[in-house]
Each structure stands twice: as C-alpha cells, then as structure tokens.
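Heads up: the structure comes next, in structure tokens.
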Amino acid sequence: MHTDPFPVHTPESAPEASRDLLVHTRESFGMIPNLEGVMASAPPLLKSYVSMWDEFENTSLTPVERQVVYQTVNFENTCNYCVPWHTMLSIKAGMDADDVEALRHGEPLGDPKLEALRLFTKEVVLQRGKISRGALASLFSAGYTRQTALEVVMGIAIKTMSNYTNSIAGTPLDTAVRKIVWKKPLAEGSE
C-alpha cells in the first residue's frame, strides 16, 4: 500500500504543465492554497479545476449563491479542508453570518430562496442527479431557472474534484483558515 503523502507543490517543484496554473492561482487568489499545490501532481486535474473555478464566476448565480452551492457540496461530502475555506469565502461574499453557520451545520438557511438552492444542491448530490419529481419545481418556484439547475451541476463538479482530492490526499489545512477548522456534526441520535 502506498502511504507516502501527496506533495504540496510550489511553482518551482510542480510538473512543468502545472507551473503557470499555480502562478495564475497565486495572482488571482493572493496565495496558492494547499489544494492546488496537491492537484499540481496531475496537471489536467489542476487545469480543469482552475478553469472551471474561473468559469463558475461567470454563471447567473450571485457570489452568495455560488457559496451556498459550494458549501452544501462540501458539507455533504464531509470535506474538512473545503468547509473552512468556503466559510471564509462566504463571509467575504457578504453572506449573512447566521447562514454561514447554518451551512457549516447542514441546517436550513434564513432566506427562503437560498434555502431552495441549498435543498436542490443537496438533493442532486445525495441522489447522484436522480432527483425527485418536485425538486425542480421547488427550485423554479423559488425564482430559479433551468440555467440555474445546470449551473448547480457545474458547482457540484468543481467541488467533487476538490473534495475527492482532499479526501484521497489528506490535504493539510492552510494557515489562513486554521482558526475556522471544521468537523462534520454528528446526526442526531448517532454516536
């Protein structure tokens, strides 16, 4: 069994095809998170992730709505690495503090429209896309569109790449978010 840790690359140590992507990440994000450093071992993965992350900014979703999608996926996939990062990004996007905490606990959001987005995202993740008959109707009745539903799929794909990478690689949490560490709360009645 392979037990060596996955390296967290820098632009200097990364495979050639990942170097410019790491520089781009540092320039656009202000740093290179450990996730991207780990992904650098697989240049096509890093390229896909960076490209999709950038493109998700161009969706019809607001910055807060994008964080609802991302954080819902992080919660459902139990990503101890991504939840702290998206806690910080949710605050930066201007999300209500109570909603930031609700997402960290998998609880309902105060805004009914955002809650409809959270529930739709959760159902798509948990049902692997095989959603119930009413899921789209609930999303649409909250004011979202077919485009929104497909953009949620994109957000799930982005987070699946990062969540699974972190799970497989055991990506170490970055210093920038260590003060908001996260562990998935136990479901009621379990232990």
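Tabulated data
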{"item": "Tensor-based shape of region 46-90 (alpha-carbon gyration tensor, a/c under 1.5 rounded, otherwise prolate or oblate)", "result": "oblate"}
{"item": "Helix-only [θ]222 nm of the chain, DSSP H runs n ≥ 4, -39500 (n - 2.57) each, per residue, nearest 500", "result": "-19000 deg cm²/dmol"}
{"item": "Entries of K92/K183; K92/K113; K113/K179; K159/K179 with Cα pairs more than 26 Å apart", "result": "K113/K179"}
{"item": "The chain: angle of helix 146-169 to the longest principal axis, Cα-based, in degrees nearest 10", "result": "40 degrees"}
{"item": "Region 134-191: trypsin sites (Lys or Arg not before Pro) in DSSP loop, at most 12 other beta carbons within 10 Å", "result": "K183"}
{"item": "Fully extended contour minus Cα-Cα distance, from S132 to S48, at 0.36 nm per residue", "result": "27.3 nm"}
{"item": "The chain - percent relative contact order, Cα under 8 Å, separation 6 or more", "result": "27 percent"}
{"item": "Virtual spin-label span in nm between S167 and V153, 7 Å along Cα→Cβ", "result": "2.1 nm"}
{"item": "Cleavage-rule hits, GluC sites (Glu not before Pro), region 1-52, DSSP coil, Cβ neighbours within 10 Å at most 10", "result": "E12"}
{"item": "Most fluctuating residue given options L114, L46, L150, as computed from a GNM of the chain linking Cα atoms under 10 Å", "result": "L150"}
{"item": "Cα gyration tensor, the chain - rounded (a/c under 1.5), prolate or oblate", "result": "prolate"}
{"item": "Förster radius 45 Å - calculated FRET efficiency between E16 and T78, Cβ distance, rounded to 0.05", "result": "0.85"}
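All of the numbers you see were taken from the coordinates with simple rules; none came from a lab. All of these numbers come straight from a predicted model, not from anything done at the bench. All Cβ positions, even for glycine, are placed from backbone atoms using ideal geometry, and neighbour counts span all protein chains on display.
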